[in-house]
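The values are calculated or read from the model by the stated rules, or taken from the named source; none is laboratory data. Predicted, not measured: the structure shown is a model, and the values here were computed from it. Heads up, the Cβs are rebuilt from the backbone with ideal geometry, glycines too, and the neighbour counts pull from every protein chain shown.
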Amino acid sequence: MKNILKIPLELRALIVLLTWAVEPRYQHNSLIVRSNLFFLGGLSQISGTEREMIYLNLTFKANIRPWEDITASAPIPIDFYHGTSASTDDYTIYIFGGEGNKNNDKFVYRFTNEPKGNTVSWNDRLVTTGTPPSTNRYGISSAVDPIKSYIYIFGGKSIDEEGQEIINNDLFRFDYLGLTWDIMSNASSPTKRYDYTSTFIRGFIYYIGGIEQSGQNSTNIVNINEIYIYNTNFDSWSSNKTAGNLIGNRAGHSASSTSDDTIIIYGGSESIPPDVLTAAKPLLAVLDVVTLKWSAPSVQLSNGMSELPELAYHSVAIFEDYMIISYGNSMTDSTINPNVYVINTTKLKSIDSNPILEKKSNKNKIIIGVIVPLVVILIIVAIRIWYYRKKRPDDGISSMSTINNNLNNNNDERRLSNISF
């Protein structure tokens with residue numbers, strides 16, 4: 001097959017290794033720090049709330065251990081799920097809020113990985129000034145302005161003093177150098193909402209989808225064809241209609257920016273929890289932020305996949321030109337998805353046909369995944385794990401062994417055989 005996506009074998013092998021070592025989860029976060037893929041928090045079937053800190057080095061250098069379990073020295077200080085996170089430099093991660101943060105007195109926590117001192121740590125007593133969101137804010141998304149050193153967080157759900165859930169539409173700006181909070185303008189801001197996405201591109205933040213308050217005690221899925229854009233330079237909001245392909249409304253989806261001023265959304269549900277999650281279609285769509293036009297690329301599958309995975313509350317991280325989609329709720333069978341998928345973002349092409357109406361198209365197809373020589377990868381994984389356990393028996397492997405034992409109890413052989421790229 002001439003058009004098979006050429007993802008480096010090393011990257012594929014590392015992702016298989018991570019999938020074997022990390023418990024599948026949903027409502028988690030993943031992000032890239034330098035060349036390391038971090039997984040943060042989430043809910044899993046075996047462990048419940050995940051506080052482990054495991055990252056994967058994606059460079060696959062011979063003298064660098066591919067994964068590190070630093071839970072023993074730096075566990076996540078809270079039950080972190082349904083919150084948001086951001087990486088601000090090569091050494092720092094911030095996590096904000098989350099549904100498990102209801103009984104804590106801090107909204108933001110900072111993780112530092114300082115290579116000079118070879119230390120990793122969480123600061124759970126970070127002192128900030130100004131007015132932050134309530135500590136129990138969840139269903140939120142963060143957008144980072146790396147030029148001005150700001151992180152923006154909008155809306156979300158929270159619990160009031162009477163224990164009632166409320167939905168918000170305020171916008172907070174966090175200066176991560178000065179550690180100060182500011183409340184920004186809400187003139188012409190979006191409706192109260194949560195489980196949306198926010199994406200920063202060239203001074204603007206694009207808010208897509210989510211669940212909005214439509215009445216005193218009612219909610220509905222946000223119209224995805226009406227996108228609110230926040231101008232960070234002028235502290236102002238605008239509402240904009242989109243054109244192009246028909247894209248289904250959704251919440252619990254992911255959104256990632258590319259180098260060519262586009263936003264790729266994936267997955268999400270057209271129904272509102274606690275109702276059974278129903279996949280929004282098309283599963284993958286691309287927004288050109290210059291023209292505000294949606295396109296829905298046709299997708300060609302490989303590695304025995306018969307359809308795209310219907311996921312919600314998954315995570316996405318961008319590594320170079322590759323979008324790494326991990327875990328989440330599988331809406332096909334109402335389980336936790338155990339797999340990791342990779343998409344080459346440079347292969348996404350716009351087409352005129354609408355996959356909602358025409359699910360099978362031969363025009364401008366893209367490839368998601370590659371055929372993986374699974375036996376070879378398993379041998380690589382086994383050799384590397386044996387090597388590091390023998391060479392470095394006291395460097396945190398015991399924690400990884402516990403995770404591996406849990407995975408064995410949860411039929412890790414089935415999970416490995418179903419990994420698709």
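Screening S189, S141 for residues that are within 24 Å of R51 (Cα to Cα) and touching a strand residue (DSSP E or B) at 6+ places or on another chain (Cβ under 6 Å) leaves exactly one candidate, S141. Within the option set N186, N220, N169, being free of Cβ contacts under 8 Å to residues at least 60 places away in the same chain and either part of a loop (DSSP other than H, G, I, E, B) or within 19 Å of Q27 (Cβ to Cβ) (or both) holds for one residue only, N186. Restricting to segment 263-305, name every residue that is in a strand (DSSP E or B), among the hydroxyl-bearing types (S, T, Y) and either touching a Gly at 6+ places or on another chain (Cβ under 6 Å) or free of Cβ contacts under 8 Å to residues at least 40 places away in the same chain (or both). The answer is S269, S295. As for segment 153-160, it holds at least one residue that is of a type outside the set (S, T, Y), within 21 Å of T88 (Cα to Cα) and within 23 Å of the chain's Cα centre (by Cα). Of all residue pairs spaced 6 or more apart or on separate chains, those with beta-carbon atoms under 8 Å, a first member in segment 140-164 that is touching a residue at least 24 places away in the same chain (Cβ under 8 Å) and acidic (D, E) and a second member that is surrounded by fewer than 16 Cβ atoms within 10 Å (Cβ to Cβ) and not in a strand (DSSP E or B) are D145/G203.
Being farther than 28 Å from T219 by Cα, surrounded by 19 or more Cβ atoms within 10 Å (Cβ to Cβ) and at pLDDT below 85 holds for only one residue in I351, I324, I343, and it is I343. Among the conditions (1) under 14 Å from A255 (Cα atoms); (2) surrounded by fewer than 19 Cβ atoms within 10 Å (Cβ to Cβ); (3) among the small types (G, A, S), the only one that A285 does not satisfy is (2).
Filtering segment 233-257 to residues that are among the polar types (S, T, N, Q), more than 18 Å from I140 (Cα to Cα) and out of contact with any Leu (no Cβ under 9 Å at 6 or more places or on another chain) leaves N233, S236, S238, S239, N245. Taking the criterion of being of a type in the set (K, R) and surrounded by 14 or more Cβ atoms within 10 Å (Cβ to Cβ), the only residue of segment 111-151 that qualifies is R137.
Considering the conditions (1) within 19 Å of the chain's Cα centre (by Cα); (2) surrounded by 15 or more Cβ atoms within 10 Å (Cβ to Cβ), S259 is excluded by exactly one of them, (2). I need the full set of residues from segment 124-157 which are among the charged types (D, E, K, R) and either within 12 Å of N104 (Cβ to Cβ) or not in a loop (DSSP other than H, G, I, E, B) (or both), in order please. Correct list: D124, R125, R137, D145, K157. When segment 192-222 is filtered for residues that are surrounded by fewer than 17 Cβ atoms within 10 Å (Cβ to Cβ) and either among the charged types (D, E, K, R) or closer than 15 Å to S238 by Cβ (or both), the ones remaining, listed by number, are I201, R202, G203, F204. The set of residues from segment 223-243 being touching a Phe, Trp or Tyr at 6+ places or on another chain (Cβ under 8 Å) and part of a strand (DSSP E or B) comprises I227, Y228, I229, Y230, N231, S236, W237, S238, S239, N240, A243. Filtering segment 327-340 down to residues that are assigned to a strand (DSSP E or B) and modelled with pLDDT of 90 or more, which residue is farthest from the chain's Cα centre (by Cα)? Here the answer is T335.
Within segment 94-107, the set of residues being touching a residue at least 60 places away in the same chain (Cβ under 8 Å) and surrounded by fewer than 23 Cβ atoms within 10 Å (Cβ to Cβ) comprises Y94, E99. If you filter segment 78-93 down to residues that are assigned to a loop (DSSP other than H, G, I, E, B) and surrounded by fewer than 19 Cβ atoms within 10 Å (Cβ to Cβ), you find that the one that is nearest to the chain's Cα centre (by Cα) is T88. For segment 354-368, the candidate set comprises residues that are within 29 Å of G139 (Cα to Cα) and crowded, with 17+ Cβ neighbours inside 10 Å; within that set, the residue that is modelled with the lowest pLDDT is P355. Just wondering, is there one or more residues in segment 307-319 that are surrounded by fewer than 19 Cβ atoms within 10 Å (Cβ to Cβ), in contact (Cβ under 8 Å) with a residue 40 or more places away in the chain and touching a Phe, Trp or Tyr at 6+ places or on another chain (Cβ under 8 Å)? No, every residue in segment 307-319 fails to be surrounded by fewer than 19 Cβ atoms within 10 Å (Cβ to Cβ), in contact (Cβ under 8 Å) with a residue 40 or more places away in the chain and touching a Phe, Trp or Tyr at 6+ places or on another chain (Cβ under 8 Å). Scanning segment 16-43 for residues that are over 13 Å from S315 (Cβ atoms) and assigned to a strand (DSSP E or B), we see that the one that is modelled with the lowest pLDDT is N36.
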